[in-house]
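Please read the structure below before turning to the comments.
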Amino acid sequence: MDNSEELERVCVFGTGDLGRSLGLRLLQAGYGVVFGSRRPHSSSSLLPHGAQVLGHAAAAQSAHLIFIAVQREHYDFLVPLANQLKGKVLVDLSNNLKKNQYPEANAEYLQSLVPGAEVVKGFNTLSAWSLQNGPSDANRQVYICGESVEAKQAVIAVAIKLGFSALDRGFLSVARELEDFPLQLFPQWRLPLRIAIGLSAAFFFYLLIRDIIYAYVTQSKDISFRIMVSLANKVCPIVSLIMLSLCYLPGVLASFLQLYRGTKYRRFPDWLDRWMLCRKQLGLLALGFAFLHVLYTLIIPIRYYVWFKATERTNRTTQFDMTTAWRGDSYLSLGILGFGLYVLLGITSLPSVSNALSWREFSFIQSKLGHLTLLLCTAHTYLYGWNRFLSSSTYKWYTPPGYMLCLVLPSVVLLLKLLLITPCVDRTITRIRQGWERGADQRNPKDSQPLIP
């Protein structure tokens, strides 16, 4: 068998769900697949059609590239196969049940057991389901690490042929980090979730004191039933608007920091980097709270309290107020438009949609339409409050209502953004992002260019 045929035939040690799924995907990609099993005759009925099943020694001799789809506890069977595995590429797919379960990474332990082989860590971040169905989105990556460049290139070639994107993370010492990836639970969502839970709890108790407890203490009125709908319908839009503001505030701060420094060639502070990396999660959580606000608003007409109040007003006659009509319709219209753009932002953040957009199109939607969404939602909230801030009864126990508090951050973001889009400031930021540095003219007069063309 020549080298080209050997590379096109791959071997899989392990006939569990992961091994069978990998074998099926390899067969679909055009590879010849040989399974190595302790009981080759009894295992053949479970494996994908078209794959060979041999004993471990025979299977190891049949292919140059061998996938080890077994747990670390069962690596001992590889020790007697040291001669057959010499010079082979072993791809370790194993993971652990918890971090730091063993003193060294599984891939490093495998290399110590079979020193004559070239061990590569890879494919461990993929599930059996994703292997059967192929990459489900653009972010489905295969992470690779190992000591041999040739061995890693062979594994990367297989990953690309299977339809995955491969990323070389370096030497085998990185294997522990790769083995910790599957153990992480929503790593990019932790900070946004903490912010959402913190804001929700803070405003819930704040409004509970202002609306429910205040009425009970000062007027002896029990309106605790409002906790379930009315109070929730105040908390959701407040949290949504603040979190939407938090999506765009880091970009504004980054622009002012670049203006202050006069260069783009300096790293942002770590806290700002982390903040910018979780903007997508902040936005999706904000959209979720906006959805809840819409649903709570839709059920208002069927509430018993609203029906009861409506029957009380049936015999009353009121004069039509044009100002109130304009305010009410404008408030609803801005809310609908803002929510529509909100949904558009959420849809375009999906990898399957964003991959179909050019960078300019994606930036236009997420930045320009995103700031327009923030403007519409902020105006929607301002119309909700209207002129009630002038009434002393609005400040129960001398505290401002929740909607007034939530307007502070979006108003600041919009004002700062307005400063950034003024022609003189925008021109300077554009030049900085194109590579211009303040003070570079003095360092190298040949590169001198006027600030304003």
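Descriptive notes on the structure:
- Computed extension gain for LEU208 through THR297, at 0.36 nm per residue and net of the alpha carbon distance, reaches 30.1 nm.
- Extending 7 Å from the Cα toward the beta-carbon at both ALA201 and PHE181 defines two label points whose distance is 3.3 nm.
- For the chain: relative contact order, % (alpha-carbon pairs under 8 angstrom, 6 or more apart): 11 percent
- Whether region 3-183 is rounded, prolate or oblate, judged on the alpha carbon gyration tensor where a/c under 1.5 counts as rounded: rounded
- Distance violations [Cα-Cα > 30 Å] among LYS280/LYS309; LYS88/LYS161; LYS98/LYS280; LYS234/LYS309: LYS280/LYS309
- Taking Cα extents along the principal axes in Å as calculated from this structure, the corresponding entry among [x] 108, 88, 39; [y] 100, 68, 39; [z] 94, 71, 38 is [z].
- For region 136-240, chymotrypsin sites (Phe, Trp or Tyr not before Pro) meeting the loop criterion (DSSP other than H, G, I, E, B) and having at most 15 other Cβ atoms within 10 Å: PHE171.
- Which of SER173, SER220, SER94 has the fewest Cβ neighbours within 10 Å, and the rest in rising order: SER220, SER173, SER94
- Set of region 373-405 residues, backbone N closer than 12 Å to the point 7 Å along the Cα-Cβ line of VAL306: none
- For the pair LYS86 and ARG261, label points projected 7 Å from Cα toward Cβ lie 5.4 nm apart.
- Ranked by the mean number of other Cβ atoms within 10 Å of their residues, highest first, the peptides 241-249, 144-152, 374-382 come out as 241-249, 374-382, 144-152.
- The chain: DSSP helices with Cα axial extent of at least 24 Å and average Kyte-Doolittle hydropathy no lower than 0.5: 190-207, 230-261, 279-298, 322-348
- Near the amide H of VAL142, within less than 5 Å, lie the amide hydrogens of SER165, ALA166, LEU167, all on another chain or at least 5 residues away, with H placed in the peptide plane.
- For region 229-286, trypsin sites (Lys or Arg not before Pro) are listed when DSSP marks them as loop and at most 12 other Cβ atoms sit within 10 Å of their Cβ; the list is ARG266, ARG267.
- What the Cβ-Cβ distance of MET404 and ARG360 gives, at R0 = 60 Å and to the nearest 0.05, is a FRET efficiency of 0.95.
Throughout, read-outs are computed from the coordinates displayed, never taken from laboratory work. In this text the structure is predicted, and so the values were computed from the model without any measurement. Heads up, the Cβs are rebuilt from the backbone with ideal geometry, glycines too, and the neighbour counts pull from every protein chain shown.
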